[in-house]
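As C-alpha cells, the structure follows; a few thoughts come after it.
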Amino acid sequence: MEKKSELKERVVAWLYPEMIEKMNNLMESNNMRNHTEFVEQAVNFYIGYLSAQDSTMYLSKIILGAIQGVLKETENRQANNLFRLSVEMSMMMNILAAGLEIGDEDLRKLRGRCVNEVKKTKGRISMDEAVKFQQGIEE
C-alpha cells in the first residue's frame with residue numbers, strides 16, 4: 001500500500017441530494033465517521049477497479065469472502081444434519097440391539113458386507129435389497 005502524505009488536499013465535488021442520502025445511510029451502516037472517510041474508501045475501491053492489477057485484488061477479495069461465507073454456512077448445515085442423523089441411527093441401533101441376539105461373528109460378517117455394498121452402490125442403499133439379502137435372495 002502506498003504511503004500517505006501527512007497533509008490532505010481539499011477537493012470540491014457537487015453531488016445530487018439522492019446520492020448524499022445514500023452516502024449517509026451507508027456511512028451509518030458501515031461505521032464511517034464522515035464523508036471524507038466514505039469518499040476515500042469509495043475512490044480507493046474505484047481506483048483499484050480501474051487499474052487492471054488492483055481490480056482483480058479487490059474483486060477477488062469480495063468474491064472470495066462471499067464464497068467462504070456460503071461454504072461455511074453449508075458446512076455448518078451439513079454438520080448439524082449429520083449429527084442429527086447419527087443420533088437417530090444410534091437410537092435405532094440400540095433399540096435393535098436390545099431386541100435381537102446377534103453373535104460377534106455374524107455382526108462382523110454383516111459389517112463387511114455392508115461396507116462392500118455401500119462402496120459398490122456409492123452410498124445408495126435400499127431397503128428392498130437388504131430385505132432380499134436377509135431372505136436369502138441374491139442377484
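Throughout, read-outs are computed from the coordinates displayed, never taken from laboratory work. Everything numeric in this text was worked out from a predicted model, so none of it was measured. Every residue, glycine as well, gets a Cβ built from its backbone with ideal geometry; the counts of neighbours run over all protein chains shown.
Taken about its Cα centre, the chain carries a charge dipole of about 260 debye when Lys and Arg each add +1 at the Cβ and Asp and Glu each add -1 at the Cβ.
Enumerate the helices in the chain for which the Kyte-Doolittle hydropathy averages -1.0 or more and the C-alpha atoms extend at least 15 Å along the helix's axis, using complete DSSP H runs.
Within the chain the helices that satisfy the rule are 17-29, 35-50, 52-99.
Modelled this way, with points 7 Å down the Cα-to-C-beta line, the labels at Leu82 and Asn116 are 2.7 nm from one another.
Taking trypsin sites (Lys or Arg not before Pro) in DSSP loop conformation with at most 11 other Cβ atoms inside 10 Å as exposed sites, the chain has its longest uninterrupted site-free stretch at 34-121. Over the residues of the chain, the helix contribution to mean residue ellipticity at 222 nm works out to -25500 deg cm²/dmol, using -39500 (n - 2.57) for each DSSP H run of at least 4.
On the basis of the beta-carbon distance and an R0 of 25 Å, Lys8 and Ser60 show a calculated FRET efficiency of 0.30.
Selection among Val131, Ile63, Ser86 by position relative to the dipole of the chain gives Ile63 as farthest towards the positive end (Cβ unit charges, Cα centre).
Once divided by 2.2 N^0.38 Å, the Cα radius of gyration of the range 9-50 becomes 1.18. Remark on the chain: Rg and Dmax equal 30.9, 88 Å (Cα only). Shown is the FRET efficiency for Tyr49 and Met19, computed with R0 = 25 Å from the Cβ-Cβ distance and rounded to the nearest 0.05: 0.85.
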